1. Please go through the stretch 200-290 and write out the chymotrypsin sites (Phe, Trp or Tyr not before Pro) that DSSP classes as loop and that have at most 16 other C-beta atoms within 10 Å.
2. Taking θ as phi - 60°, what are the ³J(HN,Hα) couplings along the stretch 199-212 by the Karplus curve (6.51, -1.76, 1.60), each to the nearest whole Hz, with x for Gly and Pro?
3. Could you check the simple spin-label distance between Gln155 and Leu249, using points 7 Å along Cα→Cβ, in nm with one decimal?
4. Can you give the FRET efficiency to the nearest 0.05 for Thr278 and Arg113, using r as the Cβ-Cβ distance and R₀ = 30 Å?
5. Which one, Leu48, Leu127, Leu36, has the greatest fluctuation when you compute a Gaussian network model over the chain with C-alpha springs under 10 angstrom?
6. Helix-derived [θ] at 222 nm for the chain: sum -39500 (n - 2.57) over DSSP H runs of at least 4, divide by residue count, nearest 500?
7. Quick check on the stretch 45-113: take the gyration tensor over C-alpha atoms, sort the square-rooted eigenvalues as a ≥ b ≥ c, and tell me if it's rounded (a/c under 1.5), prolate or oblate.
8. Along the Cα→Cβ direction, 7 angstrom out, place labels at Ala323 and Arg66. What is the inter-label distance in nm?
Amino acid sequence: MNRQGLLNVNSDSLELACPTCRSSLDLAASAARCRLCDADYPIEEGVLCTGRSSAFLGEFDTAGMRGFVRRARESGWRKAAADMSREHPAIQTILLGQERAGFMDIMNPPERRSALDLGAGMGAISLQLSRYFDRVFALDQTFERLAFLKVISDQEGASAIRPICHWDVFNLPFASNSLDAVVMVGVFEYFPLSYPELSIEEVQVRALTEIHRVLAPGGVLFLATKNRFGWPNWAGAKDNSGLRFGPLLPRWMANRLSQILLGTPFRVVTDSLHQYHTLLNQAGFTKLDVYWPVNGYQASRSWINLDSQTETRLGIAQYSSSALKRQALSVLEAMGIAKYLVPHFGILARGTPSEAEL
Ligand SMILES: C[S@@+](CC[C@H](N)C(=O)[O-])C[C@H]1O[C@@H](n2cnc3c(N)ncnc32)[C@H](O)[C@@H]1O
């Protein structure tokens, strides 16, 4: 029996529920058991496994990630990450970035009992969220990434973090109306890969509807992602699947192109401002605020409210590295279309209002 398993996924995790029948779970050292349907979910290396997936997204393959976990245990996670960032520069931002939870300034959730970091990856955001919330559920489909996060949370003494391995975002392992915040940074675009048999729009709406179910009254979803029509795409930047101009094309055409050029269907998708509004509305989110993370959605110091002209102008000044760029973006702003073309969005979507908000 792994005593460490008990460490973070413990009996005060009231929000947890069976993903199959949604009844309460009894948590023990090495497993969680559903009180109603008797389903057993193992706790391995301190990670509660309610639904493991063989899919792997990230900088490393499974063996590489295992090696990274070992090095983090042996030499400390910060040193292992700093060493690794020489080979994989993205690690510098993803793991060591100081502003991973910079969005907390705009999110400002009224209650701070529990948060879900959905698609937590290696958990740098969960670590920062653990300073604000009593319990942070770090959920990801990739076991090895969560094993790394467990090492981080042990070494940092971040006992609020509860890593959960789970892939089915239509059936999250949480009770209805239980979480104060759900955070999804660079994750929503990948969900269609998990359900290859369904249409992209159906996957998106069902996932958002499930998130709406688990949010407590007054709770808030923070969704950070790329803009399909962001200006880097018009300049030919590669999208998440490695295709240039793919996001700008109609989906059927991007799919055809992706099949020909990359040999895979076009299933890692981004949307426009209008499309994100529509999807969130369909899932029951009615009150939205849209921000532009000027330094990129992964780690921004500056979050610009796109409904404010003054703030948008400030964002353009901060973003522009040259006078020419500033002039071009100022023209877009004067035409009233800059908000539709910024590279990234941070969207705050409020769930059911609390009694105080009514
Ligand atoms: C680009 S990473 C972002 C990680 C993290 N949010 C961050 O910003 O550091 C996307 C993550 O989403 C996870 N993911 C994708 N689809 C998922 C699904 N259906 N269920 C759970 N996790 C998923 C991947 O395993 C991956 O760790």
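1. Working: sites: Phe222, Phe229, Trp234, Phe245, Trp252, Phe266, Tyr276, Phe285; in loops: Phe229, Phe245, Phe266, Phe285.
Here the sparse-neighbourhood loop sites are Phe245.
2. 5, 4, 5, 4, 4, 4, 5, 5, 5, 5, 5, 5, 5, 4
3. Going from the Gln155 label point to the Leu249 one covers 4.3 nm.
4. Once rounded, the FRET efficiency stands at 0.45.
5. Top of the fluctuation ranking is Leu36.
6. Numbers: 15 runs with 132 residues, N = 358.
Mean residue ellipticity at 222 nm (helix-derived): -10500 deg cm²/dmol.
7. Numbers: a/c = 1.97, a/b = 1.32, b/c = 1.50.
Oblate shape, in that a/c is at least 1.5 and b/c is the bigger or equal ratio.
8. Those two pseudo-labels are separated by 5.9 nm.
Each value in this text was obtained by applying a stated rule to the coordinates, not by laboratory testing. Keep in mind that this is a model prediction, so the values were computed, not measured. Every residue, glycine as well, gets a Cβ built from its backbone with ideal geometry; the counts of neighbours run over all protein chains shown.
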